[in-house]
Amino acid sequence: MSTVIKSQTDVAKVRSAQPNPRRDLSDKAIRNIFIFPTLVLLIAINVFPLVYSLYLSFTNYSAIANKQPVWVGFENFGRVLSDERMWEIFSTTGQYVLFSVALQLILGFALAMLVRDKFFGSGLVTTLILVPMMLSPVVVGLFWKLMYNPTFGYVNYLLGFSNPSLAPDWLASRWAGDPTPGLALWAVIIVDVWMWTPFVMLLILSGLKAIPDYLYEAAAIDRASAWFQFWRITLPQVTPLMMIAILFRTIEAFNKSFDLVMGMTGGGPGTQTEVVAVTLYKQAFQGQWQTGRASALAYMVLIIIIAISNLYIRNLNRMKEGA
Amino acid sequence: MATIKLRQVEKRFGEFQAVKPMDLTIDSGEFVVFLGPSGCGKTTTLRMISGLESVSTGDIFLDNRKVTWLRPSDRDIAFVFQFFALYPHMTARQNIAFPLQAEGESKDEIDRRIKEVVDLLQIGHLLNFRPGKLSGGDKQRVALARALVRRPAAFLMDEPLGALDADFRESMRAEIKRLHLDLKATTVYVTHDQIEAMAMSDRIVVMSNAEVQQVGTPAQVYYDPANLFVARFIGSPGMNLITSQYGDGVVRLPGSNRYAVAPDWRMALGEGLDSDDVIMGFRPEAAHIKPDGTLVGEVYASELYGAYTMLHVELEGNEIIHIRSDRQMRYPIGSKVRFDLDPEMVRFFNPKTEMAIN
Ligand SMILES: Nc1ncnc2c1ncn2[C@@H]1O[C@H](COP(=O)(O)OP(=O)(O)O)[C@@H](O)[C@H]1O
Ligand SMILES: [Mg+2]
């Protein structure tokens, strides 16, 4: 052969230049054929709605009114910001996110520490702990609704209440018939914690298992107590994974709380458990079908989530730089 | 400073015997090196002394205090790990401060003690870096500082230079030796590098196959190896070992070479051998080439080592030995050389027991 083959790419060129009966299509064409359907689907299902809803958030569009959207500028955003109910909803959402993520973190960490060392049946225990995470949120919501039932629910039975009229009615925020605000929100938070603590545990467990033994050996030689080792080695070593767990759970608590809350309380009683995801749904699909306004609200939630994520990620990067 | 005493210390991992029962006494202020090929149980022994590994049987004493079942933190020893084992999320300074903080020392005391070791090791410029940003040698210096800052009764070091570049090792070797001379702290040092062992130690513990082969000064293990393993393992190349016959004061090497044994050896040989078979050993520098030498061989290969030439000489019977000769001399391959042995440097081994005769 007269060609001098200099590199891999030359080899490839020489090869593809030769007629190959088994392969009429070039690598590039095959690549494009595989990517194309995915690309179309992504654009149709993700990108287009994203851009279109941004446009809608500046209009007075309603999905059931047979009218063209009319440009209203920032009116929707102004209305959302000046709506007093909105602040209450954001405060509910904030509490929901804060308490459920904090509890998941504490319990997840504790569980991870428990199953960290191998003991008889530790694999089985770990798997069992993970079960809640694998269930559908709607199903979880529904069966917890049954468990919270003041007359025949398991929760009150386990808590030792035998007379339903003296027992708490969790999802109605009543205790022995008296209104007890916050009870329903806590009931939902407890379920969210029950469901997602395993996820946090799993992330933290992987972080714990990645800590090399020699760090603890060095610490033992350095005469560090178990407590000192926990604060100075274990905790800093799993912090990056903990941050990731917090990030995931915060984003999810904002959005996916919807399934759980709708399944259990529908936002009630009154608006006591109405988190912003529920409000969004109500504005968009119930009552007046205010598509434009719901889009504006959705975009504001998006901005909040991006801002929070950014804070976390920046923190995470700062920690990683050191390591 | 402390003495370290091992009494019948043994380690088994399940059925596998990693360290066979071993006795050893290390004096206060002594620098003892565990030397042996990889996998012979050096690290395991060191970890048992530190308490990171439990003993299967036997007892360990520090300063005559039985510590066999004490935790590492209750033994007052420092351990320098082979791969440094620095805390990756802390700066060098925080790493060094860690053992002091763990003991609850005051901030002033911590600052003072850190300054002390920092001056000693000259690592002031490294303090604000995390281990990930330090070179291997600097990491090892920080690890040494972390061990020193606590002023422990004894230092245990597991191949502390094993992970460093060759040229760097030599200067770190000198640094560790100097530290030891300054502090006079009892030190147990593990290595598989015999040059390191020779250069640094007061005494060497040669290990192989989970067993102590010999304990002695560098000169003792070099000139008077206790058995064939030590004779082969120490020195590069190791001792020349020639399977021969002995009778009437004469060693009959394969072929026609004969070596007349010095009179004071005859009795020992008579007692130490249970047949005519004997293994004669001598170091390459024990042979002196001269025209009227009684032993003869043929030059097989010749390597110039710089300060001297190492001749590979084939004796009758296909035995190849090493002879250290003058740098200036040239010996063409295939030429005959005659040599004599320095009688002070000839050793004998019983081929059955593999033990030295003396
Ligand atoms: N935790 C352990 N479990 C089982 N075998 C081990 C363990 N630690 C060491 N060993 C074995 O014990 C032997 C001695 O190991 P080691 O003391 O590390 O040797 P060295 O330090 O001399 O290279 C090796 O064969 C090694 O595989
Ligand atoms: Mg080792």
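Computed with every protein chain present, the accessible area of B:Glu303 is close to 70 Å² [probe 1.4 Å].
The range B:141-205 and the range B:52-74 have Cα centres separated by 22 Å. Computed from the Cβ-Cβ distance with R0 of 22 Å, the FRET efficiency linking B:Gln245 to B:Lys352 stands at 0.95. Average 1/r across all pairs of distinct alpha carbons in the range A:75-322, invert it, and you get the Kirkwood radius: 20.2 Å.
When a 1.4 Å probe is rolled over the protein heavy atoms, the share of accessible surface on the protein assembly as shown that falls to carbon and sulfur comes to 59 percent. Projecting the Cα atoms of B:Asn240, B:Ala287, B:Ile4 onto the charge dipole of chain B (Cβ charges, centred on the Cα centre) puts B:Ile4 farthest toward the positive pole. Considering only Cα-Cα distances, which of the following residue pairs are longer than 28 Å: B:Lys66/B:Lys107; A:Lys118/B:Lys139; B:Lys11/B:Lys177; B:Lys11/B:Lys66; A:Lys145/A:Lys256; B:Lys107/B:Lys139? Pairs exceeding the cut-off: B:Lys66/B:Lys107; A:Lys118/B:Lys139; B:Lys11/B:Lys177. Rolling a 1.4 Å probe across the protein heavy atoms gives the range A:75-322 an accessible surface of 49 Å² per residue. If R0 is 45 Å, the Cβ-Cβ spacing of A:Ala226 and B:Asp193 corresponds to a FRET efficiency of close to 0.75.
For the chain pair A and B, buried accessible area totals roughly 2000 Å², probe 1.4 Å, rounded to the nearest 100. Anyone know which of B:Asp119, B:Asp63, B:Asp193 comes out most mobile in the 10 Å Cα GNM of chain B? Of the options given, B:Asp119 has the highest mean-square fluctuation. Of all aspartates and glutamates in the structure, the ones whose alpha carbon falls short of 20 Å from that of B:Lys352, not counting any fewer than 8 places away in one chain, are B:Glu211, B:Asp224, B:Glu271, B:Asp274, B:Asp276, B:Asp277, B:Glu319. List the residues of the range B:87-117 that lose 10 Å² or more of accessible area once all protein chains are present, compared with their chain alone (1.4 Å probe, heavy atoms only, no ligands or nucleic acids). Flagged in the range B:87-117: B:Tyr87, B:Pro88, B:His89, B:Met90, B:Phe98, B:Pro99, B:Gln101, B:Ala102, B:Glu103. When B:Lys5, B:Lys139 are compared by accessible area at a 1.4 angstrom probe, the order from most to least is B:Lys5, B:Lys139. Between B:Phe83 and B:Phe168, the distance separating the two model label sites (each 7 Å from Cα on the Cα→Cβ line) works out to 1.6 nm. Placing dummy labels 7 Å off each Cα toward the beta-carbon, the span from B:Ser236 to A:Leu41 is 6.1 nm.
For the range A:180-323, the Kirkwood hydrodynamic radius from C-alpha pairs, put into Stokes-Einstein at 10 °C and a viscosity of 1.306 mPa s, yields a diffusion coefficient of 88 µm² per second.
For a straight C-alpha distance cut-off of 20 angstrom, the aspartates and glutamates reachable from A:Lys67 (same-chain residues fewer than eight places away being disregarded) are A:Glu75. Electrostatic bookkeeping for A:Leu142 treats Lys and Arg as +1 and Asp and Glu as -1; over the other residues with beta carbon under 15 Å from its beta carbon, the sum is -1. Prolate is the label for the range B:4-232. Its Cα gyration tensor axes, ordered a ≥ b ≥ c, give a/c of at least 1.5 and a/b above b/c.
Can you pull the Kirkwood radius for the range B:241-349, inverse mean 1/r over Cα pairs, to one decimal in Å? 14.4 Å is the Kirkwood radius here.
For the residues B:Glu354, A:Glu84, B:Glu170, a 1.4 Å probe over the protein chains yields an accessible-area ranking, largest first, of A:Glu84, B:Glu170, B:Glu354.
Here is the size of the protein assembly as shown from its Cα atoms: Rg then Dmax, 38.9, 124 Å.
Here the Gaussian network model covers chain A, with springs between Cα atoms less than 10 Å apart; of A:Asp117, A:Asp24, A:Asp169, A:Asp24 fluctuates the most. Interface burial in the range B:57-73 reaches 50 Å² or more for B:Ser73, comparing the full protein assembly with the chain by itself; accessible area from heavy atoms with a 1.4 Å probe.
Magnitude of the charge dipole for the range B:241-349, about its Cα centre and with charges confined to Cβ atoms of Lys, Arg (+1) and Asp, Glu (-1), is about 420 debye. Between amide H atoms placed 1.01 Å from N, distances below 5 Å from A:Gly268 occur with A:Thr273, all of them 5 or more places distant or on a separate chain. Placing unit charges on each Cβ (+1 for Lys and Arg, -1 for Asp and Glu) gives the protein assembly as shown a dipole about its Cα centre, and among B:Ser201, B:Met345, A:Val275 the Cα reaching farthest toward its positive end belongs to A:Val275. Springs join every pair of Cα atoms under 10 Å in this Gaussian network model of chain A, and among A:Gly108, A:Gly78, A:Gly266 the largest mean-square fluctuation is at A:Gly78.
Of all lysines in the structure, those lying under 23 Å Cα to Cα from A:Lys28, and not within fewer than 8 positions of it along the same chain, are A:Lys6, A:Lys13.
In this rough spin-label picture, where each label sits 7 Å from Cα along the Cβ direction, the A:Ile211-B:Leu183 distance is 2.7 nm. So, counting K/R as plus one and D/E as minus one, what does the shell of residues with Cβ under 11 Å around B:Arg347 add up to? Here the count lands on -1.
The values are calculated or read from the model by the stated rules, or taken from the named source; none is laboratory data. Predicted model, so just to flag it, every value in this text is computed and none were measured. Quick reminder, even Gly has a Cβ in these numbers, built from the backbone with ideal geometry, and neighbours come from all protein chains shown. Quick note on the areas: whole protein, heavy atoms, side chains included, nothing else; ligands and nucleic acids left out. Shrake-Rupley method; radii C 1.70, N 1.55, O 1.52, S 1.80 Å.
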